[in-house]
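Peer 1: Supplied in structure tokens, the structure appears directly below.
The values are calculated or read from the model by the stated rules, or taken from the named source; none is laboratory data. Since the structure is predicted, the reported quantities are computational estimates derived from the model, not experimental observations. A quick note on method: Cβ atoms are made from the backbone with ideal geometry, for glycine too, and the neighbour counts reach across all protein chains shown.
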Amino acid sequence: MNEDKKKCGLYMRVSTEDQAKEGFSLPEQKERLESFCKFKGYEIVEYYQDAGLSAKTGNHRPEFERLKNDIKSKKINTMVALKLDRITRSIYDWENLMTFLDENDAYLDCVNDEINTTTANGKMISRLLMSVSQNEIERTSERTKIGMAGAIKSGHIPHQAPLGYKHENKKLVIDYSTKDIVIRIFDLYYNGLSYKKISNLFNEEKVLGRDNWRDTTITTILENEIYKGDFVHGKRTKHPTYYENVVEPIISKEMWEECQVQKKKNSKSYKRTLTYLYLQKLKCPKCNRILGGKATTNKKGNAYFYYYCHDCKIQFKENLINDYFNQFIDELVEYDSVVNQFFLPMIKQKFDEPKEQLEKEINEQKNKLERIKKAYINGVFELREYNEEKKIVENAITELETQLNNTDCAEELRFTPKDILLKRDIDFINKIKLEKEYKERTKAWKDYTREEQSELIMKYVDDIELALIGKVITVKQINFRDSICKPCQELYDKGYIDTTKPMLLGNILGSVRFSNYLPEEEVGEIIMRLRQYYDVHYTEATYYVQSQVFYFNFKEDNSAIVRVFPLKDYYKQDPDNKMETYEFGIIYINEEDKFQMQEIDTAFDYIPDETNDSVIYTKEPTPISIGVKPVKFLEEKEE
């Protein structure tokens, strides 16, 4: 080696993964390099420190570049580093560096590696060491990629959870509090609204308490593969990795692909003209993925709708679902009427956003606010970023607290459960006795537009499971939304709502409205309130358990059964159906019984009030004068 005075530049580097390793911190490297130069008799001219940067090819290290420039200008003639891998871990970069040192009559010395770049043997040894170093980093990279791939396939997505998802036990799972917002964005775009129109609409409605929705936000959501269950790692790199079916999808693959095609069209002028009743509701009987939809139109302009699974090559007509679904339609329309009149003002918030869940979410947001404050104090956020993040969390807390207040208000019921049962009984009688007026005021399924039918299905149906028997597709099960159907089931179990059941009435097969057991005093109150409108009658019937037949002890001609209910709680008394007979109460009405109030509107817009508790119940008709209460809750509230 040339014996000229060595003018040294000390090069120190740490990458984020190295900082925790003993001996790799910058102060530690500096101390050891200075001791080494003192021992060797080198003159230290300058220090060069690259913090938080790896030595991978392509990484820009400003201090390393400054060191090379100082070598070019002859300010220094030797670079000193702790180890060879502090300089580079690439053979390609190493060869370029040796060429650079030769061209500038400069040298490299390492504390922990015996490096001598002035001889052929020294260069060979340095190449061997560099090969080992590169092999180590490549193996580490491979292990990291394999581990990450396994984690991603298990649902561990190494990114911030997008809207509609949240991290739970390190996995990305659906966030049901925001899932419907994502579905709505895709639906709006699918039906022709532009990014801008969607963001303007969301700002106007202050969705999630925000008024800063941008079209770029909508674009990002629509382009994110995660919503169809897939994930792209390294999306902005030259070699991204695509993972399929790694999380539960919010949107079907077909819907996602349709929206990508839609981007190529003029979204401002394009408006979808076809409505799919069961879009996002049908699951493939083979792979259980959400099905896509398509339609054909004949020369007369009639549209025929189909649903299909691209992967399993399954396709069928929409009528297959309609034929099965029609048996639920009348009940669904009736139920929607009850929901609008009673459930929404009474318990929608209570069941859609349970009080306990809201309180939990509020606490989580408050904890998040504290973490943001600590991060700002520790210098992670600038003031502007802190204020922006703080505002988002505070808005979320305000929105959740509003929902909690609404839930508290909803618990103070304006309507009692008996009101629901009473209103449904009156509606049933109105349908028989005031048929013309009933049809004028009641919207049947056939009167709904296709868009309205789709909205009703979207509102109440969670999904529809299909089965494949040979080559025949059948409907296995319709899963109704738990948040709406659960309160209905609870009221039914307690005897406060009815359902239609097929029954043998003597030697005739028919259907009757059936409700569960209620104490006699509550049944009595309902009957007395019904008699303010109609001269309803009461009788009792025996039900033979084994033969499943009713025996009625009343004249059947010209009478209609309003409702049947057990006189005892047989679910508790006879869970195994070992009793021979059950006794049932029957509310019925005769053909000659007419509506007893002066105003027909009263039959549809009001129900008899329960405030008169001095009435003594008898099973015989007794005219009583009590007030009425309006059933149009929302209108009354606005007044």
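Peer 1: Select from the stretch 284-318 the residues that are farther than 21 Å from Asn191 by Cα and at pLDDT below 85 and write down the one among them that is surrounded by the most Cβ atoms within 10 Å (Cβ to Cβ).
Peer 2: Ranking the qualifying residues of the stretch 284-318, first place goes to Arg289.
Peer 1: Turning to a different aspect of this structure: If we keep just the residues of the stretch 184-223 that are of a type in the set (Gly, Ala, Ser) and part of a helix (DSSP H, G or I), which is nearest to Tyr242 (Cα to Cα)? Talk me through it step by step, then tell me what you get.
Peer 2: First, pick out the residues of the stretch 184-223 that are of a type in the set (Gly, Ala, Ser): 192, 194, 199, 209.
Now drop any that are not part of a helix (DSSP H, G or I), which leaves 199, 209.
Values: Ser199: 29, Gly209: 34 Å.
Looking at residues that are of a type in the set (Gly, Ala, Ser) and part of a helix (DSSP H, G or I), I get Ser199.
Peer 1: When Asn387 is evaluated against the numbered criteria (1) over 17 Å from Asp175 (Cα atoms); (2) modelled with pLDDT under 80; (3) surrounded by fewer than 18 Cβ atoms within 10 Å (Cβ to Cβ), which criterion, by number, is the only one it fails?
Peer 2: The failed condition is (2).
Peer 1: Something else about it: The conditions are (1) surrounded by fewer than 16 Cβ atoms within 10 Å (Cβ to Cβ); (2) among the charged types (D, E, K, R); (3) within 22 Å of Leu274 (Cβ to Cβ); (4) more than 12 Å from the chain's Cα centre (by Cα), and Glu204 fails exactly one of them. Which is it?
Peer 2: Tallying (1) surrounded by fewer than 16 Cβ atoms within 10 Å (Cβ to Cβ); (2) among the charged types (D, E, K, R); (3) within 22 Å of Leu274 (Cβ to Cβ); (4) more than 12 Å from the chain's Cα centre (by Cα), Glu204 fails exactly one: (3).
Peer 1: Kindly provide the set of residues from the stretch 374-392 that are free of Cβ contacts under 8 Å to residues at least 12 places away in the same chain and either in a helix (DSSP H, G or I) or closer than 24 Å to Asp211 by Cα (or both), ordered by number.
Peer 2: Lys374, Ala375, Tyr376, Ile377, Phe381, Glu382, Leu383, Arg384, Glu385, Asn387, Glu388, Lys391
Peer 1: Among the residues in the stretch 491-503, are any surrounded by 21 or more Cβ atoms within 10 Å (Cβ to Cβ), among the polar types (S, T, N, Q) and within 24 Å of Tyr460 (Cα to Cα)?
Peer 2: Filtering the stretch 491-503 down to residues surrounded by 21 or more Cβ atoms within 10 Å (Cβ to Cβ) leaves 491, 496-498.
Then drop every residue that is not among the polar types (S, T, N, Q), which leaves none.
No, every residue in the stretch 491-503 fails to be surrounded by 21 or more Cβ atoms within 10 Å (Cβ to Cβ), among the polar types (S, T, N, Q) and within 24 Å of Tyr460 (Cα to Cα).
Peer 1: Given the options Leu67, Leu53, Leu84, name the one that is modelled with pLDDT under 85, under 14 Å from Leu10 (Cα atoms) and among the hydrophobic types (A, V, I, L, M, F, W, C).
Peer 2: Exactly one residue qualifies, and that residue is Leu84.
Peer 1: Please work out which one of (1) at pLDDT 90 or above; (2) more than 20 Å from Thr499 (Cα to Cα); (3) in contact with a His (Cβ under 8 Å, 6 or more places away or on another chain) is the condition Ile587 fails and give its number.
Peer 2: Only one criterion is unmet by Ile587, namely (2).
Peer 1: For the stretch 224-245, which positions are part of a loop (DSSP other than H, G, I, E, B), at pLDDT 80 or above and touching a strand residue (DSSP E or B) at 6+ places or on another chain (Cβ under 7 Å)?
Peer 2: Matches in the stretch 224-245: Asp230 only.
Peer 1: Identify, please: which residue in the stretch 185-201 is closer than 14 Å to Leu163 by Cβ and either in contact (Cβ under 8 Å) with a residue 60 or more places away in the chain or not aliphatic (A, V, I, L, M) (or both) and is, among those, surrounded by the most Cβ atoms within 10 Å (Cβ to Cβ)?
Peer 2: First, pick out the residues of the stretch 185-201 that are closer than 14 Å to Leu163 by Cβ: 185-186, 198-199.
Okay, now just the ones that are also either in contact (Cβ under 8 Å) with a residue 60 or more places away in the chain or not aliphatic (A, V, I, L, M) (or both), so 186, 199.
Values: Phe186: 23, Ser199: 21.
Among those that are closer than 14 Å to Leu163 by Cβ and either in contact (Cβ under 8 Å) with a residue 60 or more places away in the chain or not aliphatic (A, V, I, L, M) (or both), it is Phe186.
Peer 1: Also: Would you mention how many residues in the stretch 101-116 are in a loop (DSSP other than H, G, I, E, B) and at pLDDT 85 or above?
Peer 2: Of the stretch 101-116, the ones in a loop (DSSP other than H, G, I, E, B) are 104-106, 111-116.
So of that shortlist, the ones also at pLDDT 85 or above come out as 104-106.
Selection size over the stretch 101-116: 3.
Peer 1: Related question: Scanning the stretch 416-453 for residues that are among the aromatic types (Phe, Trp, Tyr) and assigned to a helix (DSSP H, G or I), which turns out modelled with the lowest pLDDT?
Peer 2: Ranking the qualifying residues of the stretch 416-453, first place goes to Trp445.
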